[in-house]
Amino acid sequence: MMNSKEGAICYRTPEETHTYAELYAASDALSVWIDENLPADGPVIVYGGLEFRMIVCFLACVKAGRPYIPIDRHTPPERVRAIAEVARHTAVLEGGAARLPGEFGRVLAAGEIDGICARRDGASLPASKAVSGSDTFYIIFTSGTTGGLKKAPKGVMVSYDNLMSFTNWILRDFGIPSGSVWLAQAPFSFDLSVMNLWPALMSGGTLAPLEREVTDDFTALFRVLPGLGLRVWVSTPSFADICLMDPSFSGETQPDLSHFLFCGEELLHSTAAKLTERFPNAAVHNLYGPTEATVAVTDVPITAGILASHDRLPVGAAKPGTDIVIIDDEIIICGDSVAKGYLNNAEATEAAFFTYQGKPAYRTGDAGVIEDGMLYFKGRLDFQIKLHGYRIELEDVEHYLCRLPSVNAAAVVPKYDGYKVKSLTAFVVPADPESADRKALKQELRETVMEYMVPHSIIFVERLPLSQNGKVNRRALIDEVNA
Ligand code: AMP
């Protein structure tokens with residue numbers, strides 16, 4: 001699937017670079033070892049951060065016909081154990097210095113993997129051994145923002161064909177030149193990372209990883225960013241919001257940046273407007289999709305026209321091979337992007353995956369409408385709450401809060417009395433902390449929303465907590481309010 005020039009750089013950080021030749025040789029050697037040493041019928045867990053060795057491991061697994069399960073090194077031990085219990089993996093490959101917390105059967109540490117990869121005797125497996133067609137290529141465990149730890153985590157099985165349909169779309173329809181430098185910021189256990197990893201490698205591109213130690217430290221982040229020489233930006237909108245806090249984050253310091261690809265959460269009008277202003281020569285794309293439909297299935301470039309005519313941005317039109325239908329307000333995705341189901345979980349698979357007009361289909365749990373061929377995301381169905389009998393879309397309240405000039409960001413969560421919602425609490429990042437005023441804010445909000453939608457409590461914060469995947473962590477805020 002990859003035929004890039006061997007001397008080209010596939011991975012570059014300020015400290016290290018690696019060529020395609022290295023990637024091919026190391027993954028060939030490791031794939032031979034996997035073929036000879038691991039049972040054929042099980043996935044392999046690959047544990048670590050954004051190291052080059054992680055990519056070597058992924059490629060080695062699929063060359064040896066084994067699906068891989070990426071687990072990020074920041075994953076809480078309890079969740080790693082829960083994933084391993086579901087996965088029934090044959091081995092764990094540690095891609096970095098971080099060691100797995102606990103007992104996980106056969107574990108290969110980074111040093112052992114390096115030893116195997118260094119055996120450059122030219123041995124490789126025949127292409128017929130590699131994952132292909134409907135075989136599972138990777139398994140990504142969903143973030144648990146809606147399920148939490150109490151339920152067993154669900155591992156989404158994405159096939160080779162699913163992945164090719166996605167990657168071919170990104171490389172064909174977005175006008176991204178081959179050999180581009182791609183931001184790799186999302187952890188590999190978040191399927192947003194698939195949007196940079198495989199399209200970059202399949203077009204002779206260079207991955208520019210940004211580890212969490214850097215993204216968590218603003219000074220380091222703002223120092224490192226301009227030096228990456230990025231052409232393609234892939235992240236959640238929340239991460240772009242952080243970068244926009246640096247006034248020098250613009251087309252002047254990032255002259256090569258021509259494509260922003262956003263997915264994973266709502267792209268707010270304010271974020272897109274700031275980006276188009278600071279990067280007048282770059283295209284800003286809003287993509288939408290769940291892990292269960294292979295990363296993303298819709299796209300729309302956010303133009304000046306869309307910004308002028310829309311308050312809440314559309315998520316766009318479906319990719320080739322995919323149909324979107326709305327059934328009872330819910331977005332249903334049909335076609336060749338729909339994944340195979342959940343690993344070792346027939347019950348959950350049956351509940352969410354089905355056949356619609358002869359095609360594989362998935363119930364997203366997202367509310368949506370289609371107008372003029374464009375899909376509009378209307379919030380999670382499970383973020384619809386009832387307060388004193390009124391149906392409220394929490395994201396709707398957030399949307400109106402964020403439109404106020406005095407608000408930079410906001411998240412609204414329910415406060416419960418048993419199972420019943422008693423009131424709403426808004427966490428608000430004020431535009432100017434000095435002049436932040438709860439009463440005035442509520443008054444402003446009353447001008448655009450019904451009284452019952454105005455949150456009872458407003459808590460001013462410096463920034464909203466983000467989940468491991470870089471989305472606003474509503475679960476943490478719900479816990480905080482209901483502690
Ligand atoms: P995940 O499987 O972690 O990627 O989460 C998928 C969910 O993120 C979707 O079902 C949506 O609820 C949300 N999501 C993804 N992309 C967008 C988008 N562009 N706008 C709004 N919500 C989105």
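The values are calculated or read from the model by the stated rules, or taken from the named source; none is laboratory data. Remember, it's a predicted structure, so these values are computed and weren't measured experimentally. Using ideal geometry, Cβ is built from the backbone for each residue, glycine included, and neighbour counts are taken over all protein chains shown. We work out accessible area using only protein heavy atoms, side chains counted, and drop any ligands, DNA or RNA first. Shrake-Rupley method; radii C 1.70, N 1.55, O 1.52, S 1.80 Å.
Data for the structure
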{"item": "Relative pair counts by distance (%), Cα atoms of the stretch 403-483, 5 Å bins", "result": "3, 15, 25, 24, 19, 12, 3, 0"}
{"item": "Paramagnetic reach from S406 in the stretch 422-443 [backbone N under 14 Å; point 7 Å along Cα→Cβ]", "result": "428-443"}
{"item": "Normalised per residue, the volume of the convex hull around the Cα set of the stretch 11-58 (Å³)", "result": "72"}
{"item": "Chain lengthening between D114 and I326 when straightened (0.36 nm per residue, less Cα-Cα)", "result": "71.4 nm"}
{"item": "From phi via Karplus (6.51, -1.76, 1.60), per-residue ³J(HN,Hα) for the stretch 216-228 in Hz, x at Gly/Pro", "result": "7, 10, 3, 4, 5, 4, 5, 6, 6, 3, x, x, 6"}
{"item": "Whole-number accessible area per residue in Å² for the stretch 318-394, which is evaluated in the context of all protein chains at 1.4 Å", "result": "50"}
{"item": "Förster radius 56 Å - calculated FRET efficiency between A431 and A123, Cβ distance, rounded to 0.05", "result": "0.40"}
{"item": "Fraction of accessible area attributable to carbon and sulfur, the chain (%, probe 1.4 Å)", "result": "50"}
{"item": "Distant-in-sequence amide H partners of I459 (H built 1.01 Å from N, under 5 Å)", "result": "A426, F427, V428"}
{"item": "Gained length - E371 relative to R312, 0.36 nm times residue gap less alpha-carbon distance", "result": "19.9 nm"}
{"item": "Over 24 Å [Cα-Cα, the stretch 84-189], rounded percent", "result": "49"}
{"item": "Fraction of antiparallel bridges per DSSP, the chain only, in percent to nearest 5", "result": "65"}
{"item": "Burial ranking of peptide ranges 55-68, 311-324 (average Cβ count within 10 Å, highest at the top)", "result": "55-68, 311-324"}
{"item": "Descending semi-axes in whole angstrom, ellipsoid equivalent of the chain, from the Cα gyration tensor", "result": "37, 25, 22"}
{"item": "Kyte-Doolittle mean at least -0.5 and Cα axial length at least 20 Å: DSSP H helices in the chain", "result": "20-37"}
{"item": "Separation in nanometres of the label points that stand 7 Å from Cα toward Cβ, at E451 and K415", "result": "1.9"}
{"item": "Peptide ranges 153-160, 271-278 listed from the most packed, as the mean C-beta count within 10 angstrom indicates", "result": "153-160, 271-278"}
{"item": "Virtual paramagnetic centre 7 Å along Cα→Cβ of E103, amide N under 18 Å, in the stretch 60-80", "result": "77-80"}
